[in-house]
Amino acid sequence: MKRRNIPKYKVGDTVVISMYGTVGKVTDVKWLDGKFVYEVNKSDGLFVESGLQLLSEFEGTLVEQEQIDIEYQFFFGDLVQVSGYGSDLFKVVGFRTEIWRYKEDAWEDVIYELSRVSDGEWLEAGEEEITLVADAESADTFIQKLGLLYLVNNEEKQVAVSQKQNLVRKAELEAIERKKEKRQLIDHLLDIFNDYKILYQMFQDQEYYQVMRVILRKLKSVVNDDGKTHV
């Protein structure tokens, strides 16, 4: 059986990735399709021997790696409000940094992932859109106090609504009573009108006729509810 060759690099060697000009450490060595391939810095990609060089043997130019210091304004569990969402409260559940590099410009964006306290709705927002309400340590206490305040306010609202409903109910009862009295008055006037009509038909007395006319005017007044007296 033919013995395999010994790999040129071993785990822990500091190497230069030729195509990128970047430095890393060998973290794994694999035998693949009859040749050795190398994992560098636990990356997903594998490099062949010809694509690597020991740092001690490298004579080219290394690519300078940029170190970025990001200062985060908010952290996990912080209670915040977001511009455009009124008094809704959100908790910070995650954040990430997006790094932008162009030939003549460069910047970093910090994006916060939020969850609304009331219903768990997920939202993304930038630092400039967020206002801190309470840090993570006091967030739960703040929510509890806010809940008690809501209950007090809600009870006050319920009392006000109940009082308003009582007033409406009273007005409704009074309106029903007025309609009942009006209906009784109309029935009474109709009875009188019919009695005088019979008398007029029997005796043709103009006084009966005049009384009928007065009753008709009174009926119109009651039906129209104009409050005027025509008698």
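The values are calculated or read from the model by the stated rules, or taken from the named source; none is laboratory data. Computed from a predicted model, the values in this text were never measured in an experiment. Positions of Cβ are backbone-derived with ideal geometry, glycine not excepted, and every protein chain shown enters the neighbour counts. The area values use the complete protein model at the heavy-atom level, side chains included, leaving out ligands, DNA and RNA. Shrake-Rupley method; radii C 1.70, N 1.55, O 1.52, S 1.80 Å.
One table, with the values for the structure above:
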| item | result |
| --- | --- |
| Residue that is nearest to SER56 (Cα to Cα), among those in region 1-28 that are crowded, with 17+ Cβ neighbours inside 10 Å and out of contact with any Leu (no Cβ under 7 Å at 6 or more places or on another chain) | GLY24 |
| Positions within region 1-23 being modelled with pLDDT under 85 and either in a strand (DSSP E or B) or not hydroxyl-bearing (Ser, Thr, Tyr) (or both), in sequence order | MET1, LYS2, ARG3, ARG4, ASN5, ILE17, MET19, GLY21, THR22, VAL23 |
| Residues located in region 85-96, provided they are under 19 Å from ALA139 (Cβ atoms), assigned to a strand (DSSP E or B) and open to solvent by 50 Å² or more (accessible area, probe 1.4 Å) | LYS91, VAL93, PHE95 |
| Filter result (under 14 Å from TYR72 (Cβ atoms) and β-branched (Val, Ile, Thr)) within region 94-126 | THR97, VAL110, ILE111 |
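Here is a yes/no grid of residues against (1) part of a strand (DSSP E or B); (2) open to solvent by less than 80 Å² (accessible area, probe 1.4 Å); (3) among the aliphatic types (A, V, I, L, M):
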site: GLU98; (1), (2), (3): yes, yes, no
site: ALA106; (1), (2), (3): yes, yes, yes
site: ASP109; (1), (2), (3): yes, yes, no
site: TYR112; (1), (2), (3): yes, yes, no
site: SER118; (1), (2), (3): no, no, no
site: SER138; (1), (2), (3): no, yes, no
site: PHE142; (1), (2), (3): no, yes, no
